[in-house]
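Participant: Let me begin by handing over the structure; questions about it come next.
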Amino acid sequence: LGGALLLVLIAGWALLRSDRTGPPPAEEVRGTSTWAIENYGDPDKARFQERNIVDIDFLGRTMFVHRAASRHFLRLARLFEARAPGYAAAVALGELDDWSYQNRAVRGGDTKSNHAFGLAVDVNALANPLGTVGDMPEEVVRQWEAEGGEWGGDWSRPDPMHFETHLTPKEIRERYQADGTPRDWYLEQLIGD
């Protein structure tokens, strides 16, 4: 009986040891469904929308985004207003062709779209249809990307209307005030870059 117990203990120790010396877990890729669920929750869970999705004023439009990501999308609106005021005004006065939260899969796929998490907005869709170059202001796009956002216009199948956040809720809270204005330390970092 003592020998059998010793063998079980050695086997258990070896199993634990092999788990620790194995390859490290793969780093989650920002923007994937796995990453979004880990950081923002599962959109298929009961009351996800009620608990997490809020409306924001985005260039005169109501957009629905995840509460924890709202500051980053307010920042995107401020980027349009500051870097492309004519474009921002045209969006505000133009067609109602701007979209945000919708619990759905990626078009043509079975994984959740970032729209399902409230982590994506589509801006000025009629001028920026899927598969085209679109007319998004370059200075807005590049600054958004520099601040942790993703733009669909850079994808292999361009989606120039599409903007999504790749920041965690903690990163967003640390970098931006409630109205989307960068905190002083972050603004200094952005200006210094």
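Participant: Tell me whether the stretch 122-135 contains one or more residues that are under 30 Å from residue 192 (Cβ atoms), touching a Phe, Trp or Tyr at 6+ places or on another chain (Cβ under 7 Å) and not aromatic (Phe, Trp, Tyr).
Facilitator: yes
Participant: Another one. Could you grab me the full set of residues in the stretch 85-133 that are under 26 Å from residue 46 (Cβ atoms), among the small types (Gly, Ala, Ser), free of Cβ contacts under 8 Å to residues at least 12 places away in the same chain and part of a loop (DSSP other than H, G, I, E, B)?
Facilitator: 109, 113
Participant: Can I ask one more? If you scan the stretch 62-120, which residues turn out to be crowded, with 23+ Cβ neighbours inside 10 Å, of a type in the set (A, V, I, L, M, F, W, C) and touching a Gly at 6+ places or on another chain (Cβ under 6 Å)?
Facilitator: 65 - this is the single residue of the stretch 62-120 that is crowded, with 23+ Cβ neighbours inside 10 Å, of a type in the set (A, V, I, L, M, F, W, C) and touching a Gly at 6+ places or on another chain (Cβ under 6 Å).
Participant: Name the residue, out of 61, 78, 107, 67, that is closer than 18 Å to residue 160 by Cα and of a type in the set (Lys, Arg).
Facilitator: Testing whether each residue is closer than 18 Å to residue 160 by Cα and of a type in the set (Lys, Arg) leaves just 107.
Participant: May I ask you to list the residues in the stretch 139-161 that are of a type in the set (Asp, Glu) and in contact with a Lys or Arg (Cβ under 6 Å, 6 or more places away or on another chain)?
Facilitator: Listed by number, the list holds a single entry, 139.
Participant: With the structure loaded, tell me whether residue 145 is without any contact (Cβ under 8 Å) to a residue 12 or more places away in the chain, over 26 Å from residue 183 (Cβ atoms) and assigned to a helix (DSSP H, G or I) or whether it fails that test.
Facilitator: Answer is no for this residue.
Participant: Moving on. I'd like the residue in the stretch 151-193 that is of a type in the set (Asp, Glu) and crowded, with 20+ Cβ neighbours inside 10 Å and, out of all such residues, is nearest to the chain's Cα centre (by Cα).
Facilitator: Checking each candidate, the answer is 164.
Every number in this text was worked out from the coordinates using simple rules, so none of it is lab data. Computed from a predicted structure; not experimentally measured. Every residue, glycine among them, receives a Cβ derived from its backbone with ideal geometry; neighbour counts consider all protein chains shown.
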